[in-house]
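Comments concern the structure below.
The values are calculated or read from the model by the stated rules, or taken from the named source; none is laboratory data. Nothing here was measured: the structure is a model prediction, and the numbers come from that model. No Cβ is skipped: glycine too gets one built from the backbone with ideal geometry, and neighbour counts run over all protein chains shown.
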Amino acid sequence: WVIDNDKTIARITELFAQIPSLYIADGHHRTAAAALVGNEKARQNPNHRGDEEYNYFLAVCFPASQLQIIDYNRVVKDLNGLTPHEFLEKLKENFIVEEKGVQIYKPKKLHNFSLYIDGKWYSLTAKEGTYDDNDPIGILDVTISSDLILRDILGIKDLRSDKRIDFVGGIRGLEELQHRVDSGEMKMALALYPVSMKQLMDIADTGNIMPPKTTWFEPKLRSGLIIHKLE
């Protein structure tokens, strides 16, 4: 649909002006690319006014109360040369490790993780002193697991480029993690407790950036082809 009524556009503009803050929950790279294109076209236009189409890009806004952040989990192809027993022993340096058996175990609270390896589920709880409650990034479970498990034990230092790790949105359930390990494709799976909306906003408000593969937002928009002409 197309908005071509000046009163409607004015009303939408008025409503947006009443929003105290906007947080980019998804699409950071697309937002940055749109800004770069807009700035470049403005430099190329000697008659730039500020209301040309290239000054805008398509977006959708949700109230925080209508968004849900669910877990974003990890699966890893190997144990960096360790046996499952050796891996579990190394985990005990920084985590309280509890075997939960063959039934799926879901993390219960912040700093509690769910591990699936060698046909069994485990609860991992980060020990006090392994994270900084005053650091908005350091307190995140994704940071704790990335530093103390993926980096220090498994040698995975770059989550974006390392081919040994993959990510599974919590919308697919922990059954998907178990399936990918049981199939032999992956060696272990790690499920995280979801990031809270407050944590996300605190990080943005302090000028920090969320670590990669931290949040999975629902609801997702329906897929489709939408074109915004810049000319």
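Going through segment 97-129 one residue at a time, which ones are within 16 Å of Glu175 (Cβ to Cβ) and not aliphatic (A, V, I, L, M)?
Those that are within 16 Å of Glu175 (Cβ to Cβ) and not aliphatic (A, V, I, L, M): Lys100, Gly101, Gln103, Tyr105, Lys106, Pro107, Ser114, Tyr116, Gly119, Lys120, Trp121.
Would you pick out the residues in segment 173-231 that are hydroxyl-bearing (Ser, Thr, Tyr), modelled with pLDDT of 85 or more and under 17 Å from the mean Cα position of the chain (by Cα)?
Tyr193, the sole residue that qualifies.
Any residue at all in segment 149-159 that is in a helix (DSSP H, G or I) and closer than 20 Å to Ile209 by Cα?
Yes, that holds for at least one residue.
Report every pair of residues separated by at least 6 positions or lying on different chains whose Cβ atoms are under 7 Å apart, first residue within segment 204-220 and within 13 Å of Ile137 (Cα to Cα), second buried (at least 16 other Cβ atoms within 10 Å of the Cβ) and among the aromatic types (Phe, Trp, Tyr).
Partner pairs satisfying both residue conditions: Thr214/Tyr72.
Mind telling me which of the residues Thr125, Thr143 ends up being β-branched (Val, Ile, Thr) and assigned to a strand (DSSP E or B)?
Every option except Thr125 fails the conditions.
What are the residues in segment 22-57 that are among the hydroxyl-bearing types (Ser, Thr, Tyr) and free of Cβ contacts under 8 Å to residues at least 60 places away in the same chain, if any?
Of everything in segment 22-57, just one residue is among the hydroxyl-bearing types (Ser, Thr, Tyr) and free of Cβ contacts under 8 Å to residues at least 60 places away in the same chain, namely Thr31.
Which of the residues belonging to segment 63-72 are touching a residue at least 12 places away in the same chain (Cβ under 8 Å), assigned to a loop (DSSP other than H, G, I, E, B) and over 30 Å from Glu185 (Cα atoms)?
If the condition is that a residue be touching a residue at least 12 places away in the same chain (Cβ under 8 Å), assigned to a loop (DSSP other than H, G, I, E, B) and over 30 Å from Glu185 (Cα atoms), then Leu67 is the only one that fits.
Working carefully through the options Leu124, Leu82, find the one that is modelled with pLDDT of 95 or more, farther than 24 Å from Phe16 by Cα, in contact with a Lys or Arg (Cβ under 9 Å, 6 or more places away or on another chain) and aliphatic (A, V, I, L, M).
Leu82
From the list Val97, Val75, which residue is among the hydrophobic types (A, V, I, L, M, F, W, C), touching a residue at least 40 places away in the same chain (Cβ under 8 Å) and assigned to a strand (DSSP E or B)?
Val75
Tally the residues that are on the phi > 0 side of the Ramachandran plot and of a type in the set (Phe, Trp, Tyr), restricting the search to segment 69-86.
0
Got a number for residues in segment 168-186 being touching a strand residue (DSSP E or B) at 6+ places or on another chain (Cβ under 6 Å) and not in a helix (DSSP H, G or I)?
3
Is it true that Val60 is out of contact with any Asp or Glu (no Cβ under 7 Å at 6 or more places or on another chain), assigned to a helix (DSSP H, G or I) and in contact (Cβ under 8 Å) with a residue 40 or more places away in the chain?
In short, no.
State whether the residues of segment 166-177 include one that is of a type outside the set (Asp, Glu), in contact with a helix residue (DSSP H, G or I) (Cβ under 7 Å, 6 or more places away or on another chain) and not assigned by TED's automatic domain parsing to the domain that holds Ser21.
Among the residues of segment 166-177, at least one is of a type outside the set (Asp, Glu), in contact with a helix residue (DSSP H, G or I) (Cβ under 7 Å, 6 or more places away or on another chain) and not assigned by TED's automatic domain parsing to the domain that holds Ser21, which makes the answer yes.
All but one of (1) over 15 Å from Ala191 (Cα atoms); (2) in contact with a strand residue (DSSP E or B) (Cβ under 8 Å, 6 or more places away or on another chain); (3) charged (D, E, K, R) hold for Arg49; which doesn't?
(2)
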